Amino acid sequence: MIQIAVMGHGVVGSGVTEILLNHTESIAKKVKEEIYIKKVLDLREFPDSPIADRFTKDFNEIVSDDEISVVVEVMGGLKPAYDFVKQCLESGKSVVTSNKELVAAKGAELLAIAEEKNVNFLFEASVGGAIPIIRPLHQCLAANDIEKINGILNGTTNFILNKMINDNMSFEDALKLAQDKGYAERNPAADIEGHDACRKICILASLVYGTHVYPESVHTEGITKVSLKDVEYARAWGGAVKLIASARKNGDKQEIITAPMFVSSDCQLSNVDGVYNELLVRGDSSGTIGFYGRGAGKLPTASAVVADVMDCVLHKDERRNIMWKDGSGENVLPYEGYVNAMYVLAEADDTDAALAKANEIFGECEKITRPGADAREAAFITGELSYSDFTAKCAEFAKYAEVQSTIRIAKI
Ligand code: HSE
């Protein structure tokens, strides 16, 4: 019998215990041992839980228990998760986590401790919820140079954008609904400001390029400035606004960014609905591969966590060799140099004159119109240019029109 502990009994943690209790026999058959939850750490009381007698508020009961060999961390955040996980690894316990903030901030350090102690530190659930992505990138696509990864990696923002587009729901109501459904982070600013998606692309980039990418090195924009007008212009242009997390190889460095982008309807990312996530990974030999599924929520995320626990049991004597080295951000190229076409929405008394100026300043632009537009609106798409070139030209254009929004056109 393998004894484990689960730290955190929130949305994901309760899903982990539910799956382990409901599938005890089938899981035991697959890993050839019973997995027994010895302790659950949470500061709250859960008297109705079928394992209420195994709850503790004291972390020491877990870290000092030599019978517990695998610890699941599903508390989220860095404090106290980082200290707890580090202590567990140092005590020779394998750790499984869904905590992307932890992996994005401390992954290189925790992986090094796991290697030193010959235990596992696994985090499949930290990116894409139920979608298998860490193992496929680490194993199945290992023979490739990964040229680029583009994805919708945050279910909450995708859910909100969909509700705004399809149901005309306000941003606030859609966010509340996402929170009620258990998709949003404890502090939903992490979702809507893009930090959650940024952390996930950092984890993937660290994994495939071999050097830790810290979120501070990655330019990140959320969806709070995306207006219903932008959403309508994206549709009129022939696509949708999506929060895209992107990493692409450029020489021996990478371009990594998280930002709302116009995605053409030719690209399958434009059709990803609700809480679903999708990643498109392009390997030099494999070509493009898509990974699609539920990116958040109790059981989808817990399913990836439990599979990692099972992997720890199966590989307790021969650890999984997922590793990357530490880095200081020098491998991430400055975002001002990334090249995209840009959508611009402006207001002017004379929109024809404003559009003529846009053509003069940016080069030939594609005008877009939307049904029911205000007479003062002028919207267009520029040709491809670097972001620094764009901002300089935009400052010039702002002398002739009031710029309301600018959004990148995705290069998937
Ligand atoms: N808040 C995250 C999301 C949860 O909405 O995608 C899953 O990481």
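The values are calculated or read from the model by the stated rules, or taken from the named source; none is laboratory data. Not measured: the values here are computed from a predicted model. Every residue, glycine among them, receives a Cβ derived from its backbone with ideal geometry; neighbour counts consider all protein chains shown.
Inside the range 308-321, can you point out the residues that are within 20 Å of residue 75 (Cα to Cα) and either surrounded by fewer than 20 Cβ atoms within 10 Å (Cβ to Cβ) or away from the ligand (no atom under 16 Å from the Cβ) (or both)?
Our first condition is that a residue be within 20 Å of residue 75 (Cα to Cα); within the range 308-321, this holds for 308-310, 312.
Residues satisfying the conditions are 309, 310, 312.
Restrict the check to the range 70-82 and report whether at least one residue is closer than 17 Å to residue 318 by Cα and either modelled with pLDDT of 95 or more or not hydroxyl-bearing (Ser, Thr, Tyr) (or both). First the steps, then the outcome.
At the first step, the residues of the range 70-82 found to be closer than 17 Å to residue 318 by Cα are 70.
From the residues that got through so far, the ones that are either modelled with pLDDT of 95 or more or not hydroxyl-bearing (Ser, Thr, Tyr) (or both) too are 70.
Taking every residue of the range 70-82 in turn, at least one turns out to be closer than 17 Å to residue 318 by Cα and either modelled with pLDDT of 95 or more or not hydroxyl-bearing (Ser, Thr, Tyr) (or both).
Quick one: count up the residues across the range 54-66 that are outside any loop (DSSP other than H, G, I, E, B) and either touching a Gly at 6+ places or on another chain (Cβ under 9 Å) or farther than 23 Å from residue 95 by Cα (or both).
Taking the range 54-66 as the starting set, the residues that turn out to be outside any loop (DSSP other than H, G, I, E, B) are 54-56, 60-63.
The next check asks that each one be either touching a Gly at 6+ places or on another chain (Cβ under 9 Å) or farther than 23 Å from residue 95 by Cα (or both); those that pass are none.
Result for the range 54-66: 0.
Out of 150, 158, I need the residue that is part of a helix (DSSP H, G or I), buried (at least 17 other Cβ atoms within 10 Å of the Cβ) and within 14 Å of the chain's Cα centre (by Cα). Which one?
Working: 150 fails: part of a helix (DSSP H, G or I).
Sole residue among the options that is part of a helix (DSSP H, G or I), buried (at least 17 other Cβ atoms within 10 Å of the Cβ) and within 14 Å of the chain's Cα centre (by Cα): 158.
Using the structure shown, decide if residue 305 is touching a residue at least 12 places away in the same chain (Cβ under 8 Å), among the β-branched types (Val, Ile, Thr), buried (at least 18 other Cβ atoms within 10 Å of the Cβ) and away from the ligand (no atom under 16 Å from the Cβ). Lay out the reasoning, then the answer.
Working: touching a residue at least 12 places away in the same chain (Cβ under 8 Å): yes; among the β-branched types (Val, Ile, Thr): yes; buried (at least 18 other Cβ atoms within 10 Å of the Cβ): yes; away from the ligand (no atom under 16 Å from the Cβ): no.
The answer is no for residue 305.
So, residue 172, is that one modelled with pLDDT under 95 and either of a type in the set (A, V, I, L, M, F, W, C) or over 18 Å from the mean Cα position of the chain (by Cα) (or both) or not?
Details: modelled with pLDDT under 95: yes; either of a type in the set (A, V, I, L, M, F, W, C) or over 18 Å from the mean Cα position of the chain (by Cα) (or both): yes.
So residue 172 passes the test.
Which numbered condition trips up residue 45, out of (1) part of a loop (DSSP other than H, G, I, E, B); (2) buried (at least 19 other Cβ atoms within 10 Å of the Cβ)?
Result: residue 45 fails condition (2) only.
Looking only at the range 89-144, how many residues end up being away from the ligand (no atom under 15 Å from the Cβ), in a loop (DSSP other than H, G, I, E, B) and free of Cβ contacts under 8 Å to residues at least 40 places away in the same chain?
The qualifying residues number 4.
For residue 380, work out the one condition from (1) touching a residue at least 24 places away in the same chain (Cβ under 8 Å); (2) in a loop (DSSP other than H, G, I, E, B); (3) not aliphatic (A, V, I, L, M) it doesn't fulfil.
Tallying (1) touching a residue at least 24 places away in the same chain (Cβ under 8 Å); (2) in a loop (DSSP other than H, G, I, E, B); (3) not aliphatic (A, V, I, L, M), residue 380 fails exactly one: (2).
Inside the range 256-283, can you point out the residues that are more than 16 Å from the ligand (Cβ to nearest atom) and within 15 Å of residue 136 (Cα to Cα)?
280, 281, 282, 283
Considering each of 245, 197, 184 in turn, give the residue that is closer than 20 Å to residue 337 by Cα and within 16 Å of the ligand (Cβ to nearest atom).
Values: 197 fails: closer than 20 Å to residue 337 by Cα; 184 fails: closer than 20 Å to residue 337 by Cα.
It is 245.
Could you tell me which residue of the range 150-170 is nearest to residue 124 (Cα to Cα), considering only residues that are hydrophobic (A, V, I, L, M, F, W, C) and more than 16 Å from the ligand (Cβ to nearest atom)? Working first, answer last.
The first filter runs over the range 150-170 and keeps only residues hydrophobic (A, V, I, L, M, F, W, C), leaving 152-153, 159-161, 164-165, 169.
Next, from what is left, pick out any that are more than 16 Å from the ligand (Cβ to nearest atom): 165, 169.
Working: 165: 31, 169: 33 Å.
Out of the qualifying residues, it is 165.
Determine whether residue 301 is of a type in the set (Val, Ile, Thr), in contact with a helix residue (DSSP H, G or I) (Cβ under 8 Å, 6 or more places away or on another chain) and within 30 Å of residue 182 (Cβ to Cβ). Don't jump to the end; show me each part of the working.
Details: of a type in the set (Val, Ile, Thr): yes; in contact with a helix residue (DSSP H, G or I) (Cβ under 8 Å, 6 or more places away or on another chain): yes; within 30 Å of residue 182 (Cβ to Cβ): yes.
The answer is yes for residue 301.
Could you list, ordered by first residue, the pairs with Cβ atoms under 6 Å in which the first is in the range 346-373 and surrounded by 17 or more Cβ atoms within 10 Å (Cβ to Cβ) and the second is at pLDDT below 95 and assigned to a helix (DSSP H, G or I), at least 6 apart or interchain?
Every condition considered, the pairs that remain are 370/232.
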